[in-house]
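**Q** Right, I'll just put the structure down here and ask away after.
The numbers here are math on the coordinates, done by the rules we state, and not lab data. Keep in mind that this is a model prediction, so the values were computed, not measured. Cβ placement follows ideal geometry from the backbone for every residue including glycine, while neighbour counts extend to all protein chains displayed.
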Amino acid sequence: MSVTPRRYEIQEVLGRGGFGTVYRARVTSSGGFTRDVALKVLNREVQANVELASRLRDEARMLGMLRHRAIVKADGLVLLDDRWTVVMELVEGLDLRRVLEHTTVPPGAAFEIVAEVANALHVAHHTRNAAGEPLGLLHRDIKPSNILVTEHGAVKIVDFGGARGNFANREAKTRDTAYGSPGYVAPERLDLDERPAGDVFSLGMVFLELVGRVSGRDTQLKPSRHRRRIEQATQQARARGVPRDALNLVERMLAWAPEDRPTARDVERTARALRASSDDPWLAEWADATLPGIARPPPDRNHDFSADVLLESGDHLTDAGQGAHSTITTFYDSQPFSVQLEGPQPKARARGNRSAMESRGVPVDPSAPTLLREPSPARGRGVLGPAIAVFLLVFCGGLLALAAWVSAQ
């Protein structure tokens, strides 16, 4: 029995990034069944990058294993126009970055958002894979732009492209990689210390931004500077009337040492208790009254597919694309950074933080910012050493020749 391939009508661009683009599309399957979906596709200029293609396929696999109301659902991994595409549920909502640019979020609603995200992080980490082992999923890029809220008050975490988990057919094998976004990444992640506490830290920065209107800045690499930064931020939040109990939770989530932070489950429990004692409107009521008034950007209908209507080539969860390892390009600002390390690395210096991150990376994309590397002593002598040796050899040879000439006279 032949199966009619599904038909995708590209409608508009929902978001563009350095590596991929998310589209709204209308899919029609057998029997005329039609629905709107979101398509996540690698950009053409990077689709040949083995590491990025592997991560995209791994993202689809991980999302396929997760079942949670606050985690965007994946419906499949297909080839459209010969490009790997993740088919996902379409979330009609606004990301918190856009929300914060236009309005404030009441503390009560913020408590609900934080509790829901914390619950999703807990479930993602403890969901079992096909072998019955904990998936151990870490999102690694929790920030306002990756958390959506709908007009009905539903919360959704998106963009698992940098996530890490344990499952049998995982393709991306990079391990010496620091991943996150400046201002939200936990300090230990810059030293490749990956644990659930890193996601709790990132959520703590989002929490502080929601209740205190304090935007994240570059991660501090010294405990003393980190403490001063958090103290200043919480003082500003306290001046805005944020409850002391809420700030206590924020401070614990942003503790320098990962072991001093609460678990995601503890965060959820405390945030729900804070919500219960708050007189603020519920998240659903606030979202219903507020979000429709926030202007959406005009539709972006420009795409780089070969046609407006595409047929899928079938579901493909194969080994295609595996091969030589590729370094991931580094991006800043709204883009997460991902730095591939080469061999033993010196500790990043706390010299402006972003430069400290840059010192650990190798760029592969000329459009990315220039990255600086801490030179090793051997590398620093790579050119000068041989030059000195040649000079000494020539000099000594000249002296011997001169001595021989003098003795002959």
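**Q** Could you work out the equivalent-ellipsoid semi-axes for the stretch 93-293, taking the square root of 5 times each eigenvalue of the Cα gyration tensor, largest first, in whole Å?
**A** Square roots of five times the eigenvalues give 27, 21, 15 Å.
**Q** Would you mind computing, in nm to one decimal, how far apart the modelled labels at M65 and D279 are, each placed 7 Å from Cα along Cα→Cβ?
**A** Calculated label separation equals 4.7 nm.
**Q** Taking other Cβ within 10 Å of each residue's Cβ, how do R61, R26, R296 sort, fewest first?
**A** R296, R26, R61
**Q** Note the full-extension length gain between V50 and D36 as 0.36 nm times their separation in residues minus their Cα-Cα distance, in nm to one decimal. Please report the intermediate quantities before stating the final value.
**A** Details: separation 14, 0.36 × 14 = 5.04 nm, distance 2.94 nm.
Extra length from V50 to D36 when fully extended: 2.1 nm.
**Q** What are the equivalent ellipsoid semi-axes of the stretch 1-113, built from the alpha-carbon gyration tensor (square roots of five times its eigenvalues), in whole angstrom, biggest first? Could you put the intermediate results ahead of the total?
**A** Values: eigenvalues 155, 69, 43 Å².
The equivalent ellipsoid of the stretch 1-113 has semi-axes of 28, 19, 15 Å.
**Q** How fast does the stretch 82-164 diffuse by Stokes-Einstein, in µm²/s, taking the Kirkwood radius from C-alpha pairs at 20 °C and 1.002 mPa s? Working shown, then result.
**A** Details: Rh = 14.3 Å.
It comes out at roughly 150 µm²/s.
**Q** Which entries in the list K156/K222; K73/K143; K143/K222 go over 29 Å, if you measure between the two C-alpha atoms of each? Mind showing how you got there, number by number?
**A** Values: K156/K222 33 Å; K73/K143 19 Å; K143/K222 22 Å.
Going by Cα-Cα distance, K156/K222 fall outside the 29 Å limit.
**Q** Can you run phi through the Karplus equation (6.51, -1.76, 1.60; θ = phi - 60°) for the stretch 34-51 and list ³J(HN,Hα) in whole Hz, with x for Gly and Pro?
**A** Each residue's phi maps through the Karplus curve to give 10, 7, 8, 9, 10, 10, 9, 10, 5, 5, 4, 5, 10, 5, 7, 6, 4, 5 Hz.
**Q** May I pose another question? Could you rank the peptides 27-37, 127-137, 248-258 by their average count of other C-beta atoms within 10 Å per residue, with the highest value first?
**A** Working: 27-37: 12.1, 127-137: 14.5, 248-258: 19.1.
Packing order, densest peptide first, comes out as 248-258, 127-137, 27-37.
**Q** Can you give the extra length, in nm with one decimal, that the chain gains between D191 and A289 once fully stretched, where that is 0.36 nm per residue apart less the Cα-Cα distance?
**A** Working: separation 98, 0.36 × 98 = 35.28 nm, distance 4.36 nm.
Gain on extension, D191 to A289, equals 30.9 nm.
**Q** Provide the gained length on full extension for the span D82 to T263, in nm with one decimal, where the gain is 0.36 nm per separating residue minus the Cα-Cα distance. Write down the numbers at each step before the final one.
**A** Numbers: separation 181, 0.36 × 181 = 65.16 nm, distance 4.22 nm.
Full-extension gain reported as 60.9 nm.
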